[in-house]
Structure formats: structure tokens, C-alpha cells
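**Student:** Have a look at this one.
Derivation of every value follows stated rules applied to the coordinates shown; laboratory data play no part. Everything quoted here is computed from the prediction, not taken from an experiment. Backbone-built Cβ (ideal geometry, glycine too); neighbour counts: all protein chains shown.
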Amino acid sequence: MSWRTYDGPRALAYDIERAAPDEHVSDVRDVIVGQVAHAACNWVVDIGAGTGIWSERLARWLAVRVIAVEPSPGMLKVLTDKRLADVVAVRARGEALPVHDDVVGAAWLSTVVHHFDDLAAAAVEVARVLAPGGVVLVRSSFPDQQSGEVYPTRFFPSARTVATAFPTVGEVTAAFAAAGLGLRHRHTPMEVASPTRQHFLRRVKARADSLLQEVSDDEFAAGLQRVRQWVDAAPERPVLFRPDLLVYG
Ligand SMILES: C[S@@+](CC[C@H](N)C(=O)[O-])C[C@H]1O[C@@H](n2cnc3c(N)ncnc32)[C@H](O)[C@@H]1O
């Protein structure tokens, strides 16, 4: 199974492991609300929405309707089974959005830029559907930034190798610039990835992070041993993560 596969039990595992209360992502919420409040916004598109964790938050925090675009049937099923208020789910890819021109006040792309087969085409699509004055928010870790030092890759060399090939901030910014959207702001909000290291260990064991699909069973066992030593050193310490949050418009 590749890191790109989210179907079957992985979709549900993803949803369980990534669910978090608002206080764990309050810095991100503040950026979103601050940036999107300026755009005349009734609709937001969540591209690569996964199981709708962020779609639900966007609808609630911004009092908008969200178009949740997701190509994986497994992720889409978990999303639609939630019957989220103000979220319309659609099976599609970022490179071909089933959305009219100039409709959305904001586009949200959380940990998806490395999934696009054609980043340039996705950027053109985002620019097409964005209403005048709209903003694009890209939340991700990038191999050329501090955010690329995410915990699973610290312990598993094969996962690190895959993540090293993900698009850089410069490549994403160039793709949006070619589509007519400039980089307006950069944020590095603090998130609680796991409330304790023990919790993080459970998350690793579930292989909920897609990069862990790339790791052989032998490497996984060795990496898990390193994670256990790290957990034993401070089991109750929270695991923090600072993604890059890039704002284009
Ligand atoms: C790491 S998950 C992120 C899910 C969600 N955005 C979140 O942050 O919880 C990446 C998602 O992108 C989806 N995806 C893969 N290729 C895509 C594409 N070409 N266009 C849009 N989404 C895609 C995957 O199916 C998966 O659900």
C-alpha cells in the first residue's frame, strides 16, 4: 500500500487519529478567521478534504457553507457518514474542481499539495473558482522548512525519504504565482499534534500517518523501538507541531 492510499480501514483510522478539540488548533483558527473575515464569503472550498475534519471546523468557525472536494471513496464515505451541517461533499480532484468560476471566498488546502499529480493545474483551478478578494490558505509541512521535521519522519528513514520529495514552499508559491495569486502572509501556528507522547505512540502503532505505509515491517519495528525510548523519557509531554500556513490572494 502506498502513502497515497487512504481507502478501507485507513480512512477511519485517519479520522480517529487526527480528530482534535478546537483548543489544539486554536492558533490555526485565529489565522483562518483573521484572513477570511476580510473576504466576502458565503462558500469555502476544502480541497482534499479527507474525512472532513477541517470542513466541519471551517463551516462552524466562519459560518459559511463548505464544498468538500475529495477523490478517495473511503475518505469520502467517512466524511458523508458524519452528515455535517453546511458541508457539501463531492468526489473530485483539485486539478478539476466541479465548481463555477468566481464562487468561493476562500480555498483551504490542508496537507494536500504533495498529493496533486499536477500542482500547476490545481493552482489554476483554485484561482478560477476564487471570487475577487478571495484568499487561499495552504497548511502543510514542507521539506525545506522547520515544519518538515515532523515526528514520524524523525524515527523512520524511509518515511523521511518520501517526504523530502514533497513540494517546497518555493514550488507551491511559483505555481500560485503562475496562476495569478501572490504570497500575502506566512504563519507558523502552534498545534497540539498529540496531547501526550503516549498518545503519539498509539498513533504511530496504528500507522495512521500515510508516510508509515512506506516503511517495511523490519524498519517499522526498529523505529517503534526508538519512539518507545523517546516516549519513556517524557511520557506525559505533549507533542507539538508548527505547520506552515501560507496565505495567497
Ligand atoms: C493527508 S490527507 C489530508 C486530509 C485533510 N485535508 C486533513 O487535513 O485532514 C490528503 C487528502 O488528499 C486527498 N487527495 C489525494 N489526491 C488528491 C487530488 N489530486 N486532489 C484533491 N485531493 C487529493 C487524499 O485522498 C486525502 O484525503
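**Student:** Write down, largest first, the equivalent ellipsoid semi-axes of segment 1-100 in whole Å, where each equals the square root of 5 times an eigenvalue of the alpha-carbon gyration tensor.
**Tutor:** Each semi-axis is √(5λ); the values are 23, 17, 12 Å.
**Student:** Taking the Cα centre as origin and putting +1 on Lys and Arg beta-carbons and -1 on Asp and Glu beta-carbons, what dipole magnitude results for segment 2-116, to the nearest 20 debye?
**Tutor:** That gives a dipole near 300 debye.
**Student:** So for Y151, Y14, Y248, fewest C-beta neighbours within 10 Å to most, what's the order?
**Tutor:** Starting with the residue having the fewest Cβ neighbours, the order is Y151, Y14, Y248.
**Student:** At 0.36 nm per residue, and after removing the present C-alpha to C-alpha distance, how many nm does the segment from I16 to Q225 gain when stretched out fully?
**Tutor:** Taking 0.36 nm per residue and subtracting the Cα distance, the gain is 72.9 nm.
**Student:** Taking 0.36 nm per residue of separation and subtracting the Cα-Cα distance, what length does fully extending D144 through A165 add?
**Tutor:** Here the answer is 6.6 nm.
**Student:** A further question follows. Between K205 and S26, take the C-beta separation as r, use R0 = 30 Å, and let me know the FRET efficiency to the nearest 0.05.
**Tutor:** Given R0 = 30 Å and the Cβ-Cβ separation, E is 0.60.
**Student:** Another question about this same structure. So how strong a dipole does the chain carry about its Cα centre when Lys and Arg Cβ are +1 and Asp and Glu Cβ are -1, to the nearest 20 debye?
**Tutor:** Dipole size: approximately 460 debye.
**Student:** Taking other Cβ within 10 Å of each residue's Cβ, how do V69, V162 sort, fewest first?
**Tutor:** V162, V69
**Student:** Apply the a/c threshold of 1.5 to the C-alpha gyration tensor of segment 182-244 and tell me whether it is rounded, prolate or oblate.
**Tutor:** In terms of gyration-tensor shape, oblate.
**Student:** If we count other beta carbons within 10 Å of each Cβ, what is the order of S194, S55, fewest first?
**Tutor:** Ordered from fewest to most neighbouring Cβ atoms within 10 Å, S194, S55 come out as S194, S55.
**Student:** Identify, among V113, T164, S210, the residue whose Cα sits farthest towards the positive end of the charge dipole of the chain, taking +1 on the Cβ of Lys and Arg and -1 on the Cβ of Asp and Glu, with the dipole about the Cα centre.
**Tutor:** About the Cα centre, the residue reaching furthest to the positive side is S210.
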